[in-house]
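Notes follow once the structure below has been shown.
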Amino acid sequence: MRIAIVTGASSGIGRDFVRNIPKVYRHLDEIWVFARREDRLLELQKELEKKKTVKLRLFTGDLMRDYIYERLAKELATNNADVRMLVNAAGFGKYGLIESLKEEDMLGMIDLNCQALTKMTLKVLPFMSKGSRIIQMASAAAFTPQPYFTVYAATKSYVKSFSFGLRNEVRKMKISVTCVCPGPVRTEFFGLAGEASKYTNPRMMTTSVHVVREALIGAIRRQAVITVGPYMKVSRVLAKFIPDGITAYGFQIFNKYNN
């Protein structure tokens, strides 16, 4: 069974990956989708059924719990799955001073953005073969430390580093890993992030459809990293030359001024 797997599939970037992957892989048997909100997954399933593109298999649950990986491992083995693409799109961020955020939210960011992404990758990797692709959703926040987005930026830095290391390890297996680093995206993310949207220049915003299109093109080309948007491309270049201490201080001053 030839499949693709997408986490965070109930909204935003994850949902748009599910809609667009069939345009790239026209001979998939199924896309396995993961999210907590079953109603959203059922809506997406009906949408794709009407278009007669590809069948969805729903995995409803919390990626920070073991049971969902146990079910995944069982179904991968039972169906002799050949995973052509894995997209780790699940994640969230919280904006604010460390002292103002809940400890459970900060640890939750680490668990979902880092641990769950890693665990999903490790569970799926044995079922990938020559030509398979992995897309890891990071962020332009991965390029430098960001006060007020301290934990979130750190988790995305982990995703970027993990992706680059993994990419080189699986090269001999002819499997590619692409790390996607967009800037602000018009999704439900900002509703969860809190005050972050107030301090985001609208000109830097992009759409999830644009991010997904760039990510899929980059994955087809087997690019190591995709930076979406001109502002973020400049940020990536500057981050290579400006020390972290200076950029972190700059973010601190900016946030103090705007608060």
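The values are calculated or read from the model by the stated rules, or taken from the named source; none is laboratory data. The model shown is predicted, which means the values in this text are computed figures rather than measured ones. We place every Cβ from the backbone using ideal geometry, glycine too, and count neighbours over all the protein chains shown. Please note that ligands, DNA and RNA were not included when accessible areas were found on the heavy atoms of the full protein model with its side chains. Shrake-Rupley method; radii C 1.70, N 1.55, O 1.52, S 1.80 Å.
Give the Rg (one decimal place) followed by the Dmax (whole number) of the stretch 56-162, computed from C-alpha coordinates and expressed in Å.
Rg and Dmax of the stretch 56-162, Cα atoms, are 15.4, 48 Å.
Could you give the C-alpha radius of gyration of the stretch 1-118 expressed as a fraction of 2.2 N^0.38 Å, taking N as the number of residues it contains?
Against the compact-globule rule of thumb, the ratio is 1.14.
Determine the gain in length on full extension of the stretch Ile217-Glu75; use 0.36 nm per residue of separation and subtract their C-alpha separation, reporting nm with one decimal.
48.2 nm
List the trypsin sites (Lys or Arg not before Pro) in the stretch 119-172 that DSSP assigns to loop (not H, G, I, E or B) and whose Cβ has at most 12 other Cβ atoms within 10 Å. Which are they?
Lys130
Rounded to the nearest 0.05, what FRET efficiency do Ser100 and Glu49 have when you use their Cβ-Cβ distance and R0 = 51 Å?
It comes out at approximately 0.70.
Find how many whole Å separate the alpha carbon centroid of the stretch 1-52 from the alpha carbon centroid of the stretch 72-95.
The stretch 72-95 and the stretch 1-52 have Cα centres separated by 12 Å.
Under a Cβ-Cβ cut-off of 9 Å, what is the net charge of the residues other than Arg133 that fall near it, where Lys and Arg count +1 and Asp and Glu count -1?
+2
Carbon and sulfur together cover what percent of the accessible area of the stretch 1-83 at a 1.4 Å probe radius?
44 percent
Sorted by accessible area (1.4 Å probe), largest first, how do Met128, Met173 line up?
Met173, Met128
Considering only protein heavy atoms, what per residue accessible area in square angstrom results for the stretch 1-141 with a 1.4 angstrom probe?
47 Å²
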